[in-house]
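Okay, structure first, notes after.
The values are calculated or read from the model by the stated rules, or taken from the named source; none is laboratory data. Remember, it's a predicted structure, so these values are computed and weren't measured experimentally. So basically every Cβ, Gly included, is an ideal-geometry build from the backbone, and we count neighbours across all protein chains shown. Ligands, DNA and RNA are excluded from the accessible area calculation, which covers all protein heavy atoms including side chains. Shrake-Rupley method; radii C 1.70, N 1.55, O 1.52, S 1.80 Å.
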Amino acid sequence: MTKRKFKFRFSRKLFAYPYLIFMLLFVVVPLVIVLINAFLGDDGKLTFANFAEFFSDAGGGLTVLGNSLIIGVVTTLICFVIGYPCAYLLAKYHASNKVLVLLFILPMWVNFLIRTLSTKAIFMALDIKLGMGTVLFGMVYNYLPYMILPLHTTLVSIDHSYIEAAEDLGADRFTVLLKTVLPLSLPGIVSGITMTFIPAISTFAISEILSSSKIFLFGDAINMHFSKTTNSFGVGSVMSLVMLVLVIIGNVLMSLTDKEEVKSTL
């Protein structure tokens, strides 16, 4: 009898195994633990008391969520108002000067905690009182690149022949921007809004540092419920699930927008 030699060959499936193991240990398992804790009471029995406590706003969870949504909307609007013109100019001069794009990407290479602490040091050096204004400034400063980059990617990929056709038909620059460029950049707008809004409503370090813990957001509430002093994992798990639902809704909106864009181009 001849022995078969085992030949080890690399394949795509083999390279996928480490990623699957990582996702299982650090994504799926924590989500399962959070889901289980959401339905467990202090006595270890299944209960809906955690959901009742959060949605009844007994601990102020809904109020904090509402405040976080308002701050998230304001932050996203400011980032869009600043980011769209920047992304438009970057896309316009993309071929001639790519250094400008690099300057907007550079802040993302620094840890956001270091950026926030540096921003607080600047405010303290200028004797600026920490509060809502400094928190909004810090959030816009940290999340503005997440608005600019998707917009820039979409604007660069727009076929310039559409703009030329609109100009040949007599449209001025503002009309071309409003009726041609803006609709074609809708996927980048939705992506930028989602990438800015979701982190803005879930942040806790920025609001805590730049307000000296005076402003309490949804991320702060989740962090507080999971702390050792409070030790209310059940309500914190419910709030984490609410945040997960918001993230899923944002991703669904992004996918639907991409599908509509593909249909419109076919």
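I need the shape label for the stretch 126-266. Rule: rounded when a/c is under 1.5, else prolate if a/b > b/c, else oblate, with a, b, c from the alpha carbon gyration tensor. It comes out oblate by the Cα gyration axes.
Applying Stokes-Einstein at 10 °C and 1.306 mPa s to the Kirkwood radius of the stretch 120-179, computed over alpha-carbon pairs, gives a translational diffusion coefficient of 106 µm² s⁻¹. Available extension along the chain between LYS92 and SER56 is 7.9 nm, counting 0.36 nm per residue and deducting the alpha carbon span. Taking 7 Å steps out from each Cα toward its Cβ at LEU182 and LYS13 produces label points 5.2 nm apart. Taking all protein chains together and a 1.4 Å probe, the residues HIS152, HIS160 rank HIS160, HIS152 from largest to smallest accessible area.
Helical runs (DSSP H, four residues minimum) scored at -39500 (n - 2.57) apiece and divided by the length of the chain put the mean residue ellipticity at 222 nm at -22500 deg cm²/dmol. Available extension along the chain between THR175 and ILE105 is 22.2 nm, counting 0.36 nm per residue and deducting the alpha carbon span. In the context of the full protein assembly, GLU53 retains an accessible surface of approximately 80 Å², using a probe radius of 1.4 Å and ignoring ligands and nucleic acids.
Calculated FRET efficiency, PHE39 to ALA205, Cβ-Cβ distance, R0 = 25 Å: about 0.30 to the nearest 0.05.
In this view, the solvent-accessible surface of THR47, computed with a 1.4 Å probe and all protein chains in place, comes to about 40 Å².
What the phi angles of the stretch 31-44 give under the Karplus curve with 6.51, -1.76 and 1.60, with θ = phi - 60°, is a coupling list of 5, 5, 5, 4, 5, 5, 5, 5, 9, 10, x, 5, 8, x Hz, glycine and proline written as x. Total lysine pairs in the chain at Cα distances under 26 Å, for residues eight or more apart or on different chains: 9. Using a ≥ b ≥ c from the Cα gyration tensor of the stretch 24-80 (square roots of the eigenvalues), is it rounded, prolate or oblate, where a/c under 1.5 gives rounded and otherwise the larger of a/b and b/c decides, a/b for prolate? Taking the square roots of the gyration eigenvalues as a ≥ b ≥ c, the stretch 24-80 is oblate.
The listed residues PHE218, PHE112, PHE80 rank as PHE112, PHE80, PHE218 when sorted by accessible area, largest first, using a 1.4 Å probe. The calculated FRET efficiency for THR47 paired with ALA121, based on their beta-carbon distance and R0 = 51 Å, is about 0.65.
What residues qualify as long-range amide H neighbours of LEU40, i.e. H under 5 Å apart, gap of 5 or more or another chain, H built at 1.01 Å from N? Sorted by chain and number, the residues that satisfy this are THR47. With the alpha-carbon atoms of the chain aligned to their principal axes, the span from lowest to highest coordinate is 85, 73, 37 Å, starting with the largest. Full extension of the chain between VAL81 and MET23 yields a length gain of 17.3 nm, computed as 0.36 nm times the residue separation minus the alpha carbon distance.
The largest accessible area among ASP172, ASP43, ASP127, ASP220 belongs to the first residue in ASP127, ASP43, ASP172, ASP220, and the rest follow in falling order (1.4 Å probe, all chains). Across the stretch 239-247, computed HN-Hα scalar couplings (Karplus, 6.51 cos²θ - 1.76 cosθ + 1.60, θ = phi - 60°) run 5, 5, 5, 4, 5, 5, 4, 4, 5 Hz from first to last residue, x flagging Gly and Pro.
With viscosity 1.567 mPa s and temperature 4 °C, the Kirkwood radius over alpha carbon pairs of the stretch 100-153 converts through Stokes-Einstein to a diffusion coefficient of 107 µm²/s.
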